[in-house]
């Protein structure tokens, strides 16, 4: 058996994209999992995202048998990585080889940190991570809602972010997420300047009370960096904002709205569920010790 490996950066060409798609479907069918999202296929053709793949081929069969991917999703130089290996090749050390090349790729790109992630219930993946000195850190659920026309006019004004909003948004992000000022400024800069992202400012009675960022991926509108000022929480503001996004999505041609939330964040989960969002998949995150 002759195996070879290559590294390719985003965006993928169509042929490579299809090879990874086939590998994800094949492994997913056998494992009872969905791997496309964790393997970054929704953004694999994007010129804006900073990421790469490590691909392992069985040269005799001219077939892709393993793949790893790493992405700097938030533009903060912290990479999230994952991998899939065809079941009949899992005892050959391919996973360890992919991990080594992923680490080399992240180091070359100046990574400041890493998170390993896997689909909930992928027990062989958990065993692999534990053997390689990774420990569980937290879990995020992807929630999904149908895009639909807003029935009631919101009492809020939701408009595109402008630089004059920066200080008010920084205060909201710091108080909501517990971030440092520089972290909040970096997030605002990334969300307001990255092509494909739209950052919004939310006002109530001429006062800035929140922010949300949207990203279109095909027929999906993704939500990130959603925050409401603590003084305005519990008053239905979050639900109104989420309903507005569903309306924005359907008018923009999308069918679904998706977002990620940590499963330990019970208060946020209640807001999302009230707005009609339901869990579609869960990702477990691990850190190297």
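Could you list all residues from region 202-214 that are surrounded by fewer than 21 Cβ atoms within 10 Å (Cβ to Cβ) and either in a loop (DSSP other than H, G, I, E, B) or touching a strand residue (DSSP E or B) at 6+ places or on another chain (Cβ under 8 Å) (or both)?
Answer for region 202-214, where residues must be surrounded by fewer than 21 Cβ atoms within 10 Å (Cβ to Cβ) and either in a loop (DSSP other than H, G, I, E, B) or touching a strand residue (DSSP E or B) at 6+ places or on another chain (Cβ under 8 Å) (or both): 203, 204, 205, 206, 208.
Within region 180-205, can you find the residues that are over 25 Å from residue 216 (Cα atoms) and within 19 Å of the chain's Cα centre (by Cα)?
none
Of all residues being farther than 16 Å from residue 244 by Cβ and in a strand (DSSP E or B) in region 216-229, which is modelled with the highest pLDDT? Just the residue, please.
Selected residue: 220.
Considering each of 115, 55, 102 in turn, give the residue that is under 25 Å from residue 13 (Cβ atoms) and assigned to a strand (DSSP E or B).
Just a single option satisfies the conditions, and that option is 55.
Mind checking which residues of region 67-91 are farther than 20 Å from residue 25 by Cβ, part of a loop (DSSP other than H, G, I, E, B) and without any contact (Cβ under 8 Å) to a residue 40 or more places away in the chain?
Once the filter is applied, which keeps residues that are farther than 20 Å from residue 25 by Cβ, part of a loop (DSSP other than H, G, I, E, B) and without any contact (Cβ under 8 Å) to a residue 40 or more places away in the chain, region 67-91 yields 73, 77, 91.
Going by the conditions given, is residue 143 over 18 Å from the mean Cα position of the chain (by Cα) and either at pLDDT 95 or above or farther than 23 Å from residue 279 by Cα (or both)?
No; evaluated as a whole, the condition is false for this residue.
Being on the phi < 0 side of the Ramachandran plot, in contact (Cβ under 8 Å) with a residue 40 or more places away in the chain, touching a helix residue (DSSP H, G or I) at 6+ places or on another chain (Cβ under 7 Å) and surrounded by fewer than 15 Cβ atoms within 10 Å (Cβ to Cβ) is the requirement here; does residue 64 meet it?
In short, no.
Residues to consider are 21, 36, 91; find the one that is in contact with a helix residue (DSSP H, G or I) (Cβ under 9 Å, 6 or more places away or on another chain), more than 28 Å from residue 138 (Cβ to Cβ) and outside the structural domain of residue 183 (by TED's automatic domain parsing).
Just one listed residue meets the conditions, 21.
Can you work out which of the residues in region 118-140 that are touching a helix residue (DSSP H, G or I) at 6+ places or on another chain (Cβ under 7 Å) and assigned to a loop (DSSP other than H, G, I, E, B) is farthest from residue 26 (Cα to Cα)?
Restricting to residues being touching a helix residue (DSSP H, G or I) at 6+ places or on another chain (Cβ under 7 Å) and assigned to a loop (DSSP other than H, G, I, E, B), the top hit is 132.
The values are calculated or read from the model by the stated rules, or taken from the named source; none is laboratory data. Small disclaimer: the values here were computed from a predicted structure and weren't measured. Methodologically, a virtual Cβ is constructed for each residue, glycine included, from the backbone with ideal geometry; neighbour enumeration extends over all protein chains shown.
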